[in-house]
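Here's the structure, in structure tokens; my notes come after.
The values are calculated or read from the model by the stated rules, or taken from the named source; none is laboratory data. Note that the coordinates shown come from a computational prediction; the quantities given were computed from them, not determined experimentally. Cβ coordinates were reconstructed from backbone atoms using ideal geometry, including for glycine residues, and neighbour counts include every protein chain displayed.
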């Protein structure tokens with residue numbers, strides 16, 4: 001192919017368009033998030049409950065964002081928090097981590113550090129031993145994205 | 001693989017809820033990044049972390065690529081008796097990092 005000015009412009013324009021759509025698809029859609037949520041809850045609608053999600057309002061570096069979850073619970077054999085799932089709406093894959101607690105945990109509290117690709121909502125869903133689900137979400141502003149690329 | 005770092009009290013009173021902090025060095029390659037030739041760098045992350053006390057599970061975590069490099073976990077445990085905490089990290093290639101910490105009653 002002769003690289004004339006016209007073919008070059010068309011090619012670069014379509015490459016730009018492809019790059020734009022490519023980067024759009026690299027982020028999870030809300031459908032992916034809802035699917036992950038549904039798989040976890042088994043279709044149950046999570047309500048409000050004694051679940052706290054702690055994230056910074058502004059994360060300067062998306063590569064390492066501290067996140068902490070706390071569920072108020074007596075943590076006995078009959079009444080405890082089974083697990084808490086953390087999801088990120090705007091990441092290429094919505095799943096972040098799932099913490100599994102037991103009656104030996106004493107307190108349903110856990111922290112880790114996560115990657116965030118861009119400014120987005122972070123969602124935490126708690127599964128209780130009686131089958132209840134609680135959900136809470138926080139917005140985190142990200143200055144520098146953390147998913148490479 | 002690297003030696004994990006674990007912060008845990010050596011002596012506790014029976015019935016106390018203690019805080020355990022763990023950190024292990026691992027690149028946590030997300031499988032999203034590309035190298036200079038534009039090829040995707042294959043995913044290699046720690047996908048499971050567990051903590052057991054005297055053989056029964058206290059805390060565990062399923063990990064996805066969105067957990068930051070050098071994964072850090074902080075969690076609680078209720079200690080009723082003296083014993084051993086066993087920590088296990090498993091990565092995508094099946095490599096296992098294990099560590100144990102003794103806890104005595106004061």
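List of remarks:
- Single residue of region B:23-47 satisfying the filter (within 19 Å of residue B:101 (Cβ to Cβ) and surrounded by fewer than 19 Cβ atoms within 10 Å (Cβ to Cβ)) that is modelled with the highest pLDDT: B:23
- Qualifying residue in region B:73-87 (condition: within 13 Å of chain A (Cβ to nearest Cβ) and over 27 Å from residue A:76 (Cα atoms)): no
- Any hit, region B:2-10, residues being touching a strand residue (DSSP E or B) at 6+ places or on another chain (Cβ under 6 Å), more than 11 Å from every other protein chain (Cβ to nearest Cβ), surrounded by fewer than 16 Cβ atoms within 10 Å (Cβ to Cβ) and assigned to a strand (DSSP E or B): yes
- Residues that are within 30 Å of residue B:12 (Cβ to Cβ), at the interface with another protein chain (Cβ under 9 Å from one of its Cβ atoms) and in contact with a strand residue (DSSP E or B) (Cβ under 7 Å, 6 or more places away or on another chain), drawn from region A:82-104: A:83, A:85, A:86, A:97, A:98, A:99, A:100, A:101, A:102, A:104
- The lone exception for residue B:77 - which of (1) closer than 21 Å to residue A:64 by Cβ; (2) crowded, with 18+ Cβ neighbours inside 10 Å it fails: (1)
- Only listed residue being at negative phi and assigned to a loop (DSSP other than H, G, I, E, B), chosen from A:43, A:90: A:90
- Scoring residue A:117 on the criteria (1) crowded, with 22+ Cβ neighbours inside 10 Å; (2) touching a helix residue (DSSP H, G or I) at 6+ places or on another chain (Cβ under 9 Å); (3) part of a loop (DSSP other than H, G, I, E, B) leaves a single failure, condition (2).
- Residue within region A:105-112 that is within 12 Å of another protein chain (Cβ to nearest Cβ) and under 15 Å from the mean Cα position of the chain (by Cα) present: yes
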